[in-house]
Every structure is written in structure tokens, then in C-alpha cells.
Amino acid sequence: MTVVKIGIVGAGPRGLSALERVLAFGLNHPERALKITLFDPSMAGPGCHHIHQPDYLLVNTIAEQITMFADESVKQAGAVIQGPNFYQWLSSLTPEEGRPENLRVDGYYSRRLFGRYLNWVFLYLQDLAPANVQIVHQQCEVVDIERHQDAWVVMDELGERHHQDRLVLATGHTKPKAEQPQHDLVIEDPYPVDTQLQGITPDMTVAIQGMGLTMCDVVAELTEGRGGQFVRSPVDKSLRYLASGQEPKLMAFSRSGLPLTGRAANQKHENQQYQGRFLTFEAVEQLRQQGQIDFVNELFPLLWLDMEYAYYHAYLKEKQGVIAAQRFANEFLFSDASGRQALISSRIPATDQLSWQDMVSPIPQSVLASPQQFDHWLMAYLREDLHQANKGNVDSAFKAACDVLRDLRDPIRNAIDFAGLTPESQRWFNLSFVPVMNRIAVGPPKERIEQMLALIDAGILRINLGPDVLFETSSDGAKLSLHSARWPEARHQADRLVKAKIAMPTPGQDQPPLWRNLIRRGYARPFYNRDYHPGGIEVTCDLQLVDGNGRPVPDMWALGMPTEGSKFYTFIVPRPGVNSTAIVDAGRVVAQMMALKSSQPEEAMA
């Protein structure tokens, strides 16, 4: 029996998805002999979710919406292997094994636990492997790949050579090439936070550039990681922070002057999503048949109609009851543009109408008159965001509208992937739309907003520096000076600056040498939408690498982060029951892989 050797470079979540789909094929085809080798210097499964990080660093998705297994909703991905989602796996643990207290389907749990789940999935798949499938974890870093006759030669950091027939590259998050720090006071990369931030002492003031998910990790490390505790008052149920005395003073800022908004309490079942009435797969397909899409003029109007539909349905349901909401929804759905606007104007007070401009720029110009007015407004803004988040992603009209951006990610992806937008439109989308989308739709759990308020009340954290903050070193080079362009007279000093942003290096500019070597050898090339390079390497619609001459590489594929640019929003883990794109992509790759004829001589299974 001819043994097909399949190499998977990267054994994180995307590599694990490829393994799961290859195994499903092997279980369904006992006549095919497969040897699957996963190349990764770390434990198989976790990827960047390593199992030794502290518990206060959280996964940004609720437990029941994470899985590593295909299900009946996944189209054309192959046979289904039954396996637990993250919540089900957590439920199987004993307290001694680390089962969280008060385990909930909608809970946010640690990356450490998620890493353990991912490693468990790898071992589970290994145990399921039948006699015709061999699974090997080669614990090494792949630094180069070259072609030798009809096989690929995978070279590791020790110079060992591993011959493979077919390759899947799932290298995941990589860091940019190390450069000299701009200044000794600046921490360019905060990860891993428990080591990168250990030089920060309690007597310091630390500025944090960026108020997104990375900022949440930095703040958690410098507060809970320093022994502080969040406690809920038995009297008024408010959250308070008990300082340990080991915390530095923190001040965070961002270009917009705002943190990400909190993720609302989940009110949807694991496979429940808002179903687009306007931005549908069919509408996207029609647009793509006409050529490249203008996001602002062709796609966004459909997306906005769905956001309005979700918002006004939830708004009227709360104000007037379900029948009034249904009546409005029917009229809205079957009206033309002028009819919809007339409907909104006649039924919804002007102050309660949904405004995209207010979502993009929620700070009133009047409150930028002084730092004090901005601070007062900002605290009210955070408390209102927490209030809406507590209402839930169905009952809160605003959060329901924001959740449409998450639930309609697949039709948005279908419009963007593989140069679906014009170059100008893709550039605008990435630079202008995505930051707003991230702020309103993919923020941290609402509990992080509550913790932020508690830290502000405790005098540990301030986030009121305003928009457009500038910083420079002091004349003696010992400190950093920060101020908002709005109030240049209001200056703040810091001992350290932490850049709380995730770098997205393009292949060829990242730290590991693999992609640089693949590009140098002509097996891969950066993706360009005409003159615009959004990032990533070029792949075909079937996820085959495109070589330096523009030809598909027939037996090498890429999944996940390396393709970010050709594809959109690849840094997600699969979700059960929703035809998850991560599993669809892995299934598509494996289907092509198994359709190729092997040119290798027969070889016995090791």
C-alpha cells in the first residue's frame, strides 16, 4: 500500500483543524495509508495558547462557541468526527483537574485552559487513528522547505531533513523581525506579559499605547498579576479593586481616545446567529459577478440595513412589545429606501435613531473643550456601555446591531476574500472600517469594562488622556511626556511605555525564516490586490500557494494567518453549528490533497 506523507507545519488550532480533517478522511477510507507529521517546536495543539500562562489572561470567545470538530453544519468538508466543544470538555474535568467554579456555557475562560483543551484534542485524534493512519508530532522548528524530485524536503533548525508528499502551512501568529528598540523606556512587544513586564516596579507610571484586547492583558498582568483582587460589594453589588501595593500607576490611550466596547452578555444558542435579510450570500455573489466591489457604495449599505433591522426590532420589542417589533420589521423589510427612512422617522424619536456616524465618532465635540469635561463624559460612556452589555446581545438594541457585524462575518468575508474589493476599497476597509468594527463588535468581555471602572475608581488606571495622544522623551531622556493634541497644556509623565498592539508582519518580514525562504526560493509570493498589499501571501481560492511566477503550487497549501490579506479575519477558532470557515477551509484543502495521485513508490507504514 502506498503511504502518502502529509506534513503540517504548525500544530496550533489551524494545524489541528487540518489534522482533524485528514483523520476524518482516513477513517472513512481504510484503503488509503496516511502518515501525518505535525512540525511544531512546542506542545501539539495550543499554538499561542500555551498552558503555562496565568489564568487572568482570557480567551475572547464564550466556551460553548469554541470547538475543534466538524459537525453536520459544515458543508463539503468530509466525514464528521464526534468530539466535545470547549464547554463540554471543561464540564468533563474534575475540580482537581482544573474545572472552573460556576462553569457556564457563556463564560470566558483562560487561555491556559483552552491550550489544555487543544492539546487534549490532539491526543484524542491520535487515539482515534486507525491502522491506516499514523500521526507523528515532530517537535522542531521548520526553517526552510525545498523541492526534491516529486517530494518536499522540510528542513528544521538542527539541519534534519524530512521528506513529505504534501504540505499544509499553518504557521499561525508570528512576530516581526527583532529590531533595536527605539528607546530603553519603550516595551515594543508585551508578550509574554509575565516576563516582558517583570521589570516594571510599583513606583513607576506606565503608559499603555492602545486600548484593545492587548491592553486588557497588560492591565491584568500589572494588577491581578501583582496580587490585586477584584471583589464584589455585598451591599450594592458593585465591583471594587483591592490593591496589593505592588501595582504601578497605569494610563492607557488610543488614537480615538476610547477603549473597545464590552462584549454583551450572550443570549444566543451556540449555533444561533443573526441571519442577514439584506447582506446575504446571494447578494454578495451577484456583486462579485459584476467585478470588484466598492465596499462603501455597494456592500456597506446592505450591512447597514441589517444593523438597522436588528436595532429597531430590539428597540421596539423593549419599548412596545414583540408584535410592534414584528410589524415594524415587516414594513422595513419590504419597503424601498425612502419608505424605510419615513418609517424610522415616524416611529422612532430622532434621539434614539441608530447613527453610523455616532458609532464611528461617539465623542461629542463639546466635551473636548477641556480634559475635565472629557473625563466626565468618558465615565458616563463606559457605564452606559456596561449597562447595554449587561442587557445582552439580543435585548440591547445597540449591542444587537453591533453583533450583526460578528454574525455576518461570513458574507462580508465572501465579498472581501481573494481581491473581491477594489484596491482602494480594501485599503479603506482595512484602515478605516476594521478599527471601528473591532471597537464596537469584537471587544473584551463586559467584565473587563467593569474591571476598568473599578481600577479607575481605585486610582490605579486612567484612560482620560483624550484622542490623538503624542509622546516624546524628556530632555534628560529619563521619562516620557504625553499629551493630547486637543489639550497640549495637559502633560503627563511616564517611566515606561508599553505598545499594546499586535504586530501583523507580512511574510518575508517576520521573525521566523521559513516564509522568507519560501519567497526567496519562489514557492510563495506576497499577496497584492493590484497595487495594494494588505498583507499575507497569495493563495488560490482553493488555498494553494501561488509561486513567484503566479502559478498554483499543486501540493502545498496555507491556512490561517499566513493568508490574512488574500482572506479576511483568519485569526478565529471554529464555532460549532455555523458552517465554520476555519473547518470549511481545512476540509477544502484535504479534499484536494486526497484527490491528487501519488507518484511515490509503495512503502510500509512505520
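The values are calculated or read from the model by the stated rules, or taken from the named source; none is laboratory data. Bear in mind the structure is a predicted one, so any value in this text is a computation, not a measurement. Glycine gets a Cβ as well: all are built from the backbone with ideal geometry, and neighbour counts include every protein chain shown. Heavy atoms of the whole protein, side chains included, go into the accessibility calculation; ligands, DNA and RNA do not. Shrake-Rupley method; radii C 1.70, N 1.55, O 1.52, S 1.80 Å.
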The range 18-91: C-alpha gyration tensor shape, a/c 1.5 cut-off, then a/b vs b/c: oblate
Shape category assigned to the range 132-284 from the gyration tensor of Cα positions, a/c cut at 1.5: oblate
Heavy atoms of CYS541 accessible to a 1.4 Å probe, total area in Å² rounded to 10: 80
Inter-label distance for VAL80 and VAL235, nm, one decimal - labels placed 7 Å from Cα along Cα-to-Cβ: 5.4
For the range 225-282 versus the range 1-59, the gap between their alpha-carbon centres in whole angstrom: 32
Whole-number percent relative contact order across the range 171-263, with pairs defined as alpha carbons under 8 Å at least 6 apart: 31
Protein accessible area in the chain, 1.4 Å probe - carbon and sulfur %: 49
Theoretical gain in end-to-end length, ALA591 to MET379 [0.36 nm per residue, Cα-Cα removed]: 71.0 nm
Tensor-based shape of the range 281-442 (alpha-carbon gyration tensor, a/c under 1.5 rounded, otherwise prolate or oblate): oblate
Per residue solvent-accessible surface (Å²) - the chain, probe of 1.4 Å: 44
Degrees, to the nearest 10: 337-347 long Cα axis against longest axis of the chain: 40
On Cα atoms only, tilt of 300-320 relative to the major axis of the chain in degrees: 50
Sites ASP106 and LYS177 - FRET efficiency at Förster radius 30 Å, r taken between beta-carbons, to 0.05: 0.15
Which label in [x] 18, 51, 29, 3; [y] 14, 26, 31, 19, 6, 3, 1; [z] 19, 58, 22, 0 gives the computed P(r) over Cα pairs in 20 Å bins from 0, in percent: [x]
Extension gain, VAL360 back to SER481 (0.36 nm per residue minus Cα-Cα distance, nm): 40.7 nm
³J(HN,Hα) computed for each position of the range 238-255 - Karplus, 6.51 cos²θ - 1.76 cosθ + 1.60, integer Hz, glycine/proline x: 6, 8, 10, 10, 9, 6, 8, x, 9, 7, x, 7, 10, 9, 10, 8, 8, 4
Amide H within-cut-off set for ILE293, under 5 Å, with H built and near neighbours excluded: LEU421, THR422
Longest DSSP-loop-exposure-free segment, GluC sites (Glu not before Pro), the chain, at most 14 other Cβ within 10 Å: 180-488
Helix-only CD estimate at 222 nm, as mean residue ellipticity for the chain, using -39500 (n - 2.57) per DSSP H run (n ≥ 4): -10000 deg cm²/dmol
Relative contact order [Cα under 8 Å, 6+ residues apart], the range 522-605, whole percent: 22
Stretch gain in nm, segment LEU123-GLU318, where the contour uses 0.36 nm per residue and the Cα spacing is subtracted: 65.4 nm
